[in-house]
Every structure is written in C-alpha cells, then in structure tokens.
Amino acid sequence: MEHTFAGDEKVTKRYEKAKALEASGDYIKALEILDDLSSVYPEDHQNSCHLGFKQAYIFLCLVGKSQSKDIAVTYLLGAVGCVTEDGGVRTLLRTRLLSRLGKCLGSVFYFKKCIRSGKQVLADDALHPVNDKDKKDIERLINEAELMIAESKNSQEPPREGGVPEVCGSRNSPEPRGDRVGELRSYWMGLDVKVKRGFMKVSIEKLRSFVKGVYQKEGADVLKNVIDFARKHGAWTSWVCRTKCSDVCSSAKECMTHLEEKHAADLKPSSEEYVVMRTGINWAQKIQIGGWEPVDAVAAVEMIKTQLEYVKAFTSTSTYKKKGWSNQWPLAADEERSGLLKEVKLLLVSLCEHQTFSCSIREWVMRFPVRHLGEHEVSEESIKDCRILETPQSICFLERDELTQIRDFLKKIKCERNDGTDHVCSAVDSLLDRIRIKESIEFDERFSLLLLDKRLLKSNNAAPFDGDDDGKIKLIKDPDSHYAKAQAQGDDMISWLVDYPSVDKSFSTPIREHNLDVWVAVMRAIQFTCQALGSKYAKKKQVLDYIAALTGVQYLCISEDERRKIVQEDQLNSYASLLR
C-alpha cells in the first residue's frame, strides 16, 4: 500500500518529486530530498521509518553502480542503518542486507546479525505475516549464514579483494602532458622573480569581476559567501552537521564532539562505568619504547625492602614518568622469559594500534604484578610509592607461568575488525583526498588580497606540501615582505594550476553537493554502529548488575562463615538442624 504523509502537503509534494527522480535514475537528487525530509520527523516516527526504507532502496541501487568495493560496502552499511527492526517488511529487508554484507566481507559478525534478524521475522509471523516465498528466502539466508559461520571456525579468514580503483583522482595523480603545459612551464620559468612573486597576490575585486564574467551572478554570490565566511571564521573549512540539524563546526574534532553529545546522547549508557574505556596514548608509547627484558624479581624486591628511598627517587624522575622504563632495576638472564615478554609486547602493540587496548584489559594484566610482589611480602603501599603499576615494565617482574597466562589471554582478543569499518574509512579517504587542503591561501590585513601559498614558488624537487588540513587563515601585514625570501626557482605553480584540468568546468559549490550519497551512507552507518553499541552497553550493565549481586552473596557467605567460627557449639548444632 502506498505510504501517505497525512496533513502535510509540502512534504507530500517533495516526496513525490523524490520518487520521480528515483524512477528516472537520478538517485543522488532523490537521496538529497529524502535526507532533508527525514530530519522533519523523530527517528521512531512512522514517516521517518518509511523515508529510511526508501533511502535504503536507493543505496541498494547505488551498490550496483559503484566502482569500488569500499564504496559498495559503505552503501550497504548505510542501507542497513536506514532500516529499523520493526518486525515487518523493513526487518525482512534488513535480514537480506545483513546477509549481503556478511558475504561481501566474509564477516561472521554480520552473519550472526542476519540469523538474529531472520529469526525475528519468522517469530513475528503472527503479528506481521510473511508470504511463503519470503519465508523460504529467509530460511535459506539463515541456513547459509549458519553454514558460513561453521566453515569460518574450521578455516582461515577468507582473503580480501586486492586493490580497488580509486573513485576520484588524487593530488598525486600524474598531471596532464601536452604542448600547452610545456609552453606554460617554459613561460613561467622565463619570468622575472619579482613578477612571479607579484603573481601570488590576487586582487579580490579583480577575482570577483572575473568570476562574475565567467559564472554569472550565481558564481559571484558563491564567491562572496566564501570570502565572507573566511573573514568571519578565520578559516576556509567548516564542518556542517547533517543529521537532525545544520550546526556549523570549525573542526572535525568539534563536529565529532557535537555528534556524540547531541545526536548519540540517547544511545549512551547512563553511567561511565558501562562504557569501555581505552587506555591513553601515554601507555601506548610506554609499551612501544620499552626494552621488555626480564627483571630479577628477588633482587628487585630486596631493593624495595632495603633501599626504598633510592627506588622512589629513580621512579619519580620526569624521564621515568614519561617513558615508564628504568635500567636501575636488576635484570635476569632468562631466555624463556625474555621470549615470552617479547610476545606480550607485540600483542599489546597490536591492541594499541587497533585501538582495542581497554582499561579493563590493562587492569586484568596488572593484577599479576600486584599478586606476584605480594607473595614476596611487598606491601601495596610500597608498590604505589615505587610507581610500579604505572608502567608496563611491571610485567617484566613476572615468572614464566604468569607470562604464559597473560600471553595466552591476549592472543584470544580479536584485534582486526571485520565489520566494514576499514572499507568505510578507505572510501572516505579516497573522496577527501581531492578536497583536502594542502596549500594555504591567506589574506592581507585589509582583506583586499588573496595571498597564495609561497611554497608554490619553491623548487620542483623540494619536499611535498605538509600543511595542516584545517584551512586556518593568517592575516599578512606586509605581502611584499611575506614573499621576499620565498624561493622562485621551480615550476610547482604550473603543476598546481594544471593538476585538475576539469576544475574550471563548474564553479566550486558546498561540499554537501559533492558525493552526497557517500556522506549520507556514512552517517547512517555511524547511526547503525551507535545502535549496536547501545545494545552492548545494555548487556554490559546487566552483567555488572549480576557481578554486584554475586559480590553481595559472596560477602554474606564470608560473613556467615566468620560468624560460625565464634558461636557456641550448641548454637551451631541448632543452626545446622534448621538447615536440615
């Protein structure tokens, strides 16, 4: 049955326009309208659910047209993020999408989700009837997913596809060759140094006149908005939220914080204790730089007991606090322990690189040094005074059995993600590469000139551009002095001008008009990930509640055992008879 937007004629007209665009194959324009309409309704609203369903269908159409696996996976994840689990036709589509993702990535993660979603469809058959054809299809998908999971347990991870073609060119792509470029290069090299430096200063008024002549009023208005924005914010780049608002952020970090605080707030757990906390960069650096040689624990314990002030002194230095390692601890010649420590280091480095080294893992590992030193009668206060637990070098105090336990435990932790995250990152990076700012453009203090990056005057064999990607603008007091010491020996200016021969075919427009399909898909994929995290947080809260209850029971048992030790014999017998 055709969906209607009761009481909202404006929305209905725009929705019909989106349908017409979709039917004609203009998926991007249709997606733009649907994305705008979805911001009108709450996420759980019936209209919002239907709009998400339509977006998912468009993403599926785009999957077939994508030229890279990274983009295809991004579209599929975006489609899954658009579809809610309502027990009806949307859950049916979700099951099929999850199955397709599982096959595309060879991912057990999505096969398991496919099975859960499919079983939900079959279980809700009474409330949301499914025809026999769809029911057989769901059963087939469940069986396929179960088979793939079983096969994955007995075989290595399926190999990923090799290199995929880039969606768009990069700044490192070969520049166009030809007589015209050669002539430009020769002309530039023949110019006087003073002329070259003057070429770097662009009059804003002349630029406006040129843009208006080539691109008419529309182009002139765009340029005016860009210049006004740059003057107001001191930057060329801004980040605009496209979820349920249009807030403007000045940096990627600010935008990420905005998304987390404003749009992911409902998915966050009520308490920080339910959130998996990663260890900081300080610990990661200490793990990387350490020598990881076995410490002579007996001699070290003797140092702590007899030379505590000396130990406290060398563990309190700024170098030790920063690096976390000291050559003052006595070492042991033990090849087996040394080999185990090297294995532990590599495993911890891998966890840090994949951002899966959580505080809970670190705390579990640190229990071993505490227990080991406790067995040697070193108090917890002395351990704290010597800062032993502030460094991974504490692991080097352990014996072979303890190191083996830690190594075996760390080996079980899955580092590499097979949920499509790498593909999404690659897809976004390939698209960002074209619009990433690598050259600066500054203003003079009167805002009458645009000053091109003076590195464009340098030799063509100099180091590549290394500018930040934040687009911040500096105000130059004296443009002539700014370029006075700049080299003017190379031809990088020509390379910069001809890097994209098609750049003049259309005037620059807001980034939302570039690759809108990918940005919307990424946002829906993020929402899907947040929903999955929300479910995991809820499960963790439940587990922590169980742990708290078991801890209470354990305390009661210990208290009762202690009480029984001091009761009189006749009372103990009486208590025992009650238990019978």
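The values are calculated or read from the model by the stated rules, or taken from the named source; none is laboratory data. Just so you know, these numbers come straight off a predicted model, no measurement behind them. Using ideal geometry, Cβ is built from the backbone for each residue, glycine included, and neighbour counts are taken over all protein chains shown.
All but one of (1) in a helix (DSSP H, G or I); (2) at pLDDT 75 or above hold for Glu273; state the number of the condition that does not hold.
(2)
Filter the range 11-62 down to the residues that are among the polar types (S, T, N, Q) and surrounded by fewer than 19 Cβ atoms within 10 Å (Cβ to Cβ), then identify the one that is nearest to Ala79 (Cα to Cα).
Ser48
Table: residues versus (1) within 30 Å of Val83 (Cα to Cα); (2) of a type in the set (Asp, Glu); (3) assigned to a helix (DSSP H, G or I); (4) modelled with pLDDT under 80.
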{"site": "Trp496", "(1), (2), (3), (4)": "no, no, yes, yes"}
{"site": "Phe507", "(1), (2), (3), (4)": "no, no, no, yes"}
{"site": "Ala521", "(1), (2), (3), (4)": "yes, no, yes, no"}
{"site": "Ser559", "(1), (2), (3), (4)": "no, no, yes, no"}
{"site": "Asp570", "(1), (2), (3), (4)": "no, yes, yes, yes"}
{"site": "Ser574", "(1), (2), (3), (4)": "no, no, yes, yes"}
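Each row is one residue, and each column tells you yes or no for (1) at pLDDT 90 or above; (2) outside any helix (DSSP H, G or I).
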residue: Leu141; (1), (2): yes, no
residue: Glu151; (1), (2): no, no
residue: Pro165; (1), (2): no, yes
residue: Pro176; (1), (2): no, yes
residue: Gly182; (1), (2): no, no
residue: Val195; (1), (2): no, no
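Can you find, within the range 416-439, the residue that is modelled with the highest pLDDT among those that are surrounded by fewer than 16 Cβ atoms within 10 Å (Cβ to Cβ) and among the hydrophobic types (A, V, I, L, M, F, W, C)?
Here the residue is Cys425.
Go through Arg371, Arg407 for me and flag whichever is touching an Asp or Glu at 6+ places or on another chain (Cβ under 6 Å), modelled with pLDDT of 90 or more and outside the structural domain of Leu101 (by TED's automatic domain parsing).
The unique qualifying residue is Arg407.
State whether one or more residues within the range 335-351 are over 33 Å from the mean Cα position of the chain (by Cα) and either of a type in the set (A, V, I, L, M) or under 27 Å from Asp385 (Cα atoms) (or both).
Checked against the condition, which is being over 33 Å from the mean Cα position of the chain (by Cα) and either of a type in the set (A, V, I, L, M) or under 27 Å from Asp385 (Cα atoms) (or both), the range 335-351 yields at least one hit.
Which of the residues spanning the range 198-226 are surrounded by fewer than 16 Cβ atoms within 10 Å (Cβ to Cβ) and under 26 Å from Asp478 (Cβ atoms)?
Answer for the range 198-226, where residues must be surrounded by fewer than 16 Cβ atoms within 10 Å (Cβ to Cβ) and under 26 Å from Asp478 (Cβ atoms): Gly198, Val202, Ser203, Glu205, Lys206, Leu207, Arg208, Ser209, Phe210, Val226.
Every residue, every condition in (1) over 29 Å from Asp70 (Cα atoms); (2) at pLDDT 90 or above; (3) of a type in the set (Gly, Ala, Ser), yes or no:
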| site | (1), (2), (3) |
| --- | --- |
| Val89 | no, no, no |
| Cys114 | no, yes, no |
| Asp125 | yes, no, no |
| Asp134 | yes, no, no |
| Glu157 | no, no, no |
| Arg171 | no, no, no |
| Asp179 | yes, no, no |
| Leu191 | yes, no, no |
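Condition first: at pLDDT 90 or above, aliphatic (A, V, I, L, M) and within 19 Å of Leu431 (Cα to Cα). Now tell me which residues in the range 28-62 satisfy that.
Within the range 28-62, Leu62 is the sole residue that qualifies.
Starting from the range 405-421, take each residue that is farther than 25 Å from Ala532 by Cα and touching a residue at least 60 places away in the same chain (Cβ under 8 Å) and list its partners that are hydrophobic (A, V, I, L, M, F, W, C) and outside any helix (DSSP H, G or I), counting only C-beta distances under 8 angstrom and pairs at least six apart or across chains.
Ile406/Leu398
Tell me which residues, restricted to the range 100-123, are surrounded by 24 or more Cβ atoms within 10 Å (Cβ to Cβ) and closer than 15 Å to Lys135 by Cβ.
Ser117, Gly118, Val121
Taking Thr391, is it more than 30 Å from Val63 (Cβ to Cβ) and within 28 Å of the chain's Cα centre (by Cα)?
Criteria met by Thr391.
Keeping to the range 350-393, report how many residues are over 16 Å from Trp325 (Cα atoms) and either β-branched (Val, Ile, Thr) or part of a loop (DSSP other than H, G, I, E, B) (or both).
Total meeting the criteria: 11.
Among (1) under 22 Å from Leu432 (Cα atoms); (2) in a helix (DSSP H, G or I), where does Gln67 come up short?
Just one mismatch for Gln67, condition (2).
Taking the stated definitions as given, is Cys396 touching a helix residue (DSSP H, G or I) at 6+ places or on another chain (Cβ under 7 Å) and either exposed (fewer than 14 other Cβ atoms within 10 Å of the Cβ) or not in a helix (DSSP H, G or I) (or both)?
So Cys396 does not fit the description; no.
With respect to Asp134, is the statement that it is surrounded by fewer than 18 Cβ atoms within 10 Å (Cβ to Cβ), touching a residue at least 12 places away in the same chain (Cβ under 8 Å) and not aliphatic (A, V, I, L, M) true?
yes
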